[in-house]
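Report on the following structure.
The values are calculated or read from the model by the stated rules, or taken from the named source; none is laboratory data. Owing to the predicted nature of the structure, the values given are computational and were not obtained by experimental measurement. Here Cβ is always computed from backbone atoms with ideal geometry, including for glycine, and neighbour counts include all displayed protein chains.
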Amino acid sequence: MTQPALQVKDLKTQFFTDDGVVQAVDGVSFDLHPGETLGIVGESGCGKSVTALSILRLVQEPGRIVNGQILFRGDDIVTMSDEEVREIRGKDIAMIFQDPLSSLNPVLTVGFQIEEAIEAHRKVPSKMALSRAVELLKQVRIPAAESRVHDYPHQFSGGMRQRAMIAMGLANSPSILIADEPTTALDVTVQAQILELLRDLNQDLNTAIILITHNMGVVASLCTRVLVMYAGRVVEEGPVERIFKEPQHPYTWSLLQSIPRLDSDRHDRLLSIEGFPPDLIRPPHGCRFNPRCQFKIDRCLHDDPPLMNVGPDQDAACWVTMRRALAPNGERRG
């Protein structure tokens, strides 16, 4: 196994509000290997985006990283100076933000903004930066790149703006690309094109990708490994094929049961997860999923389960794994 490109260890990011301390990311750990595509999934508010922002030290006040390590090439990003982090940000680790329309400056051309990203880390003549911007727009499959490089964000469609954001992220050939909900608000055809583009970048450039999404279908089509987050914590992790075939945490199982499948002959109603995610200022005792879990036992109400090995390269934080929760014939125990 190669040395991880990124190691996140016991990361805790909190927001200090007038109502109390929000435990947005609470003890998250994972490794990302070169060329790997890692999916981070979960409902809105589970801590996915805050985890990504923490990696790049972009968490705004009143948020703060209060514990943990983020190791990149052996150095801890958490303890780096602001100047050292700026050197890494956009050069070695780049991020594609959720909403390209609000991330791109409306009064500057797309080409100029890509050039800025290049010149922030390299001293190159403006002509060379412009040539590189055109090359990047071609790489993300924007037609007529030589003329489109002079257009403004409002002249691009939603899918084209997202491609331009990817081009900006690739400006300095980063080893890690973080994509935060890159297909949100795009129609399914454009979604497929963006995912195909990310897959090609991963294969052609060996770029390690962290894909943050609530869409399990997107993870299935692009990722090799997946982290499932709930209420600021990782509740299950493992290879995508194994997680989709044999989810062991009731939350992961419930997410998958709520998705229509084309390869299934079953005609059961789709499952919905009752209730709402917990208040992260006052999370429930024991397992944080217990108020919504139909398989809980008494221990779940009191003891917080750690991540435990439940299969080959698969861990889950659950006292009642789905292997025990479901009867051998696949029926739920009452």
- Is one or more of the residues making up the range 280-299 touching a residue at least 12 places away in the same chain (Cβ under 8 Å), closer than 24 Å to ALA179 by Cα and not in a strand (DSSP E or B)? no
- With (1) surrounded by fewer than 14 Cβ atoms within 10 Å (Cβ to Cβ); (2) farther than 29 Å from VAL188 by Cβ; (3) within 23 Å of the chain's Cα centre (by Cα) as the list, and LYS91 as the residue in question, which single condition is left unmet? (1)
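Tell me yes or no: at least one residue of the range 50-58 is over 27 Å from VAL219 (Cβ atoms) and either of a type in the set (Asp, Glu) or under 20 Å from the mean Cα position of the chain (by Cα) (or both).
We begin by selecting, within the range 50-58, every residue over 27 Å from VAL219 (Cβ atoms); these are none.
No.
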- Message: Just the residues that are in contact with a Pro (Cβ under 7 Å, 6 or more places away or on another chain) and at pLDDT below 95, please, taken from the range 301-318.
- Response: ASP313
- Quick one: in the range 142-159, of everything that is surrounded by 15 or more Cβ atoms within 10 Å (Cβ to Cβ) and of a type in the set (D, E, K, R), which residue is farthest from GLN191 (Cα to Cα)? ASP151
- Query: (1) aliphatic (A, V, I, L, M); (2) within 21 Å of TYR230 (Cα to Cα); (3) crowded, with 18+ Cβ neighbours inside 10 Å: which one isn't true of VAL21, the others all being true?
  - Reply: (3)
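This table checks each residue for (1) within 23 Å of LEU6 (Cα to Cα); (2) at pLDDT 90 or above; (3) touching a Lys or Arg at 6+ places or on another chain (Cβ under 6 Å); (4) not small (Gly, Ala, Ser).
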{"site": "PHE112", "(1), (2), (3), (4)": "no, yes, no, yes"}
{"site": "LEU136", "(1), (2), (3), (4)": "no, yes, no, yes"}
{"site": "ILE142", "(1), (2), (3), (4)": "no, yes, yes, yes"}
{"site": "LEU186", "(1), (2), (3), (4)": "no, no, no, yes"}
{"site": "ILE194", "(1), (2), (3), (4)": "no, no, no, yes"}
{"site": "ASP200", "(1), (2), (3), (4)": "yes, no, no, yes"}
- Query: Which residue pairs have Cβ atoms closer than 7 Å, lie 6 or more positions apart in sequence or on different chains, and pair a first residue in the range 306-330 that is assigned to a helix (DSSP H, G or I) with a second residue that is modelled with pLDDT under 90?
  - Reply: ALA325/ARG333
- Report, ordered by the first and then the second residue, all pairs with beta carbons closer than 6 Å, sequence separation of six or more or different chains, a first member in the range 96-112 that is free of Cβ contacts under 8 Å to residues at least 12 places away in the same chain, and a second member that is crowded, with 17+ Cβ neighbours inside 10 Å. none
- Task: Mind listing whichever residues of the range 155-210 are closer than 19 Å to ILE88 by Cβ and polar (S, T, N, Q)?
- Result: ASN172, SER173, SER175, ASN206, THR207
- Message: Criterion first (among the hydroxyl-bearing types (Ser, Thr, Tyr), free of Cβ contacts under 8 Å to residues at least 60 places away in the same chain and within 28 Å of PRO277 (Cβ to Cβ)) does SER29 satisfy it?
- Response: no
- Message: out of contact with any Cys (no Cβ under 6 Å at 6 or more places or on another chain), more than 16 Å from ASP92 (Cα to Cα), among the hydrophobic types (A, V, I, L, M, F, W, C) and in the same structural domain as ILE40 (by TED's automatic domain parsing): is that true of VAL124 in this structure?
- Response: no
- Message: Being part of a strand (DSSP E or B), surrounded by fewer than 20 Cβ atoms within 10 Å (Cβ to Cβ) and not assigned by TED's automatic domain parsing to the domain that holds LEU307 narrows it down to one residue among VAL66, VAL28; which is it?
- Response: VAL66
- Message: Every residue in the range 120-141 that is among the small types (Gly, Ala, Ser) and either buried (at least 19 other Cβ atoms within 10 Å of the Cβ) or touching a Gly at 6+ places or on another chain (Cβ under 9 Å) (or both), please.
- Response: ALA120, ALA129, ALA133
- Checked the range 144-177 for anything assigned to a helix (DSSP H, G or I) and of a type in the set (D, E, K, R); matches are GLU146, ARG148, ARG161, ARG163
- Query: Regarding VAL149, is this residue more than 18 Å from THR207 (Cβ to Cβ) and either modelled with pLDDT under 90 or under 21 Å from the mean Cα position of the chain (by Cα) (or both)?
  - Reply: no
